[in-house]
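Before any comments, here is the structure.
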Amino acid sequence: MRARCWVGAALLSSLIGCGDAEGTSKSTSLAAPPQRAFAATTVLAIGEREVSAAEVDRVAKWIEQLYPQSADAHNRRRALTSVLLPRIALAEAHRAAHGEARERAQAARAQLAAGRAPAELTVREASGTWGPLGLEIFGPAHELALDAWSEPLEGLGRLLLVRVREKSGGPELGAVVLRVEIAEFPFVPEGSTQETIDRDIDTQTLVIVDPTWEQYVPLAWQHRLHGYLRNMK
């Protein structure tokens with residue numbers, strides 16, 4: 001699948017580039033359509049997918065450890081623009097295929113955990129610091145126990161099963177080196193390119209459920225995802 005070669009690079013380049021240079025001007029959101037109910041912990045929503053502050057802050061914490069000088073608000077913006085907004089929007093654009101990929105990943109994980117490798121499953125090995133591995137793999141992987149397969153992890157256009165075989169380097173997170181095994185379960189069409197991925201992302205709609213979170217979504221992303229503030233009335 002051609003998407004495999006650009007996923008990590010896209011995440012890495014957008015993270016290094018800070019991802020939020022577009023600014024965060026206020027009062028730019030579109031008028032909200034009819035009100036919908038959200039969970040109490042939801043701060044943003046893309047399509048049917050609700051996002052909590054804890055989900056954003058988990059990724060922001062990884063970024064903080066890589067860039068200790070970076071402010072908390074900046075880390076939240078990076079977490080959203082570099083990881084969560086594109087990843088969730090793409091999954092929502094292919095919701096049915098995403099659900100099928102999750103089922104395949106869960107079935108494969110159950111067999112791997114039982115010591116049986118599915119015959120059709122391809123497992124590749126990779127190693128490096130967070131840069132070569134990409135934050136979507138390195139972030140959750142550095143929290144895993146050695147030799148245990150992860151639950152299905154969300155990636156850009158794919159779900160992943162990851163097992164850490166070796167961990168070295170440190171103590172700073174940026175110096176940690178992981179040797180991992182990775183199984184991929186893509187849900188975007190074979191032959192997808194950056195152009196088709198961008199078009200898929202652009203079909204989605206962002207709801208800023210908690211108005212205080214508007215500051216963390218750059219103006220360009222508010223426009224790109226047809227964003228609006230939730231009608232609080």
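Can you find even one residue in segment 212-225 that is in a strand (DSSP E or B) and surrounded by 18 or more Cβ atoms within 10 Å (Cβ to Cβ)?
Applying the first criterion (in a strand (DSSP E or B)) to segment 212-225 yields none.
So far as segment 212-225 goes, no, none of its residues is in a strand (DSSP E or B) and surrounded by 18 or more Cβ atoms within 10 Å (Cβ to Cβ).
Inside segment 5-110, counting only helices (runs of 4 or more DSSP H) that do not spill past its ends, which hold 1 or more residues that are at pLDDT 95 or above and over 28 Å from residue 124 (Cα atoms)?
On the way: elements: 53-66, 72-78, 85-93.
Filter on segment 5-110 gives 53-66, 72-78.
Here's a check for you: in segment 56-80, which residue that is under 13 Å from the mean Cα position of the chain (by Cα) and surrounded by fewer than 18 Cβ atoms within 10 Å (Cβ to Cβ) is nearest to residue 131 (Cα to Cα)?
In this case the residue turns out to be 58.
Out of curiosity, is residue 139 at positive phi and either among the hydrophobic types (A, V, I, L, M, F, W, C) or surrounded by 21 or more Cβ atoms within 10 Å (Cβ to Cβ) (or both)? Spell out the reasoning first.
Details: at positive phi: no; either among the hydrophobic types (A, V, I, L, M, F, W, C) or surrounded by 21 or more Cβ atoms within 10 Å (Cβ to Cβ) (or both): yes.
Considered against the rule, which asks whether it is at positive phi and either among the hydrophobic types (A, V, I, L, M, F, W, C) or surrounded by 21 or more Cβ atoms within 10 Å (Cβ to Cβ) (or both), residue 139 comes out as no.
Got a number for residues in segment 195-233 being closer than 15 Å to residue 82 by Cα and not aliphatic (A, V, I, L, M)? It would help to see each step written out before you state the result.
To start, the set of residues in segment 195-233 that are closer than 15 Å to residue 82 by Cα comprises 197-198, 201, 216-222, 224-225.
Imposing the further condition that a residue be not aliphatic (A, V, I, L, M) reduces the set to 198, 216, 218, 221-222, 224.
Residues in segment 195-233 being closer than 15 Å to residue 82 by Cα and not aliphatic (A, V, I, L, M): 6 in total.
Search segment 171-195 for residues that are crowded, with 21+ Cβ neighbours inside 10 Å and pair each with any residue that is of a type in the set (Asp, Glu) and at pLDDT 95 or above when their beta-carbon atoms are under 8 Å apart and the residues are at least 6 apart or on different chains.
178/166; 180/125; 187/100; 188/200
Among the residues of segment 152-196, how many are assigned to a loop (DSSP other than H, G, I, E, B) and touching a Leu at 6+ places or on another chain (Cβ under 8 Å)? Lay out the reasoning, then the answer.
Just the residues of segment 152-196 that are assigned to a loop (DSSP other than H, G, I, E, B), to begin with: 152, 156-157, 170-172, 187-193.
From what's left, touching a Leu at 6+ places or on another chain (Cβ under 8 Å): 152, 156-157, 187-188.
Residues in segment 152-196 being assigned to a loop (DSSP other than H, G, I, E, B) and touching a Leu at 6+ places or on another chain (Cβ under 8 Å): 5 in total.
Looking only at segment 199-211, filter to residues that are within 17 Å of residue 89 (Cβ to Cβ) and surrounded by 14 or more Cβ atoms within 10 Å (Cβ to Cβ); which one of those is nearest to the chain's Cα centre (by Cα)? Break it down stepwise before answering.
Of segment 199-211, the ones within 17 Å of residue 89 (Cβ to Cβ) are 199-209.
Restricting the remaining residues to those that are surrounded by 14 or more Cβ atoms within 10 Å (Cβ to Cβ) gives 200-201, 204-209.
Values: 200: 15, 201: 13, 204: 15, 205: 17, 206: 15, 207: 18, 208: 18, 209: 19 Å.
It comes out as 201.
The values are calculated or read from the model by the stated rules, or taken from the named source; none is laboratory data. None of the values given here were measured: they were computed from a predicted structure. Note that we place each Cβ from the backbone using ideal geometry, even for glycine, and neighbour counts take in every protein chain shown.
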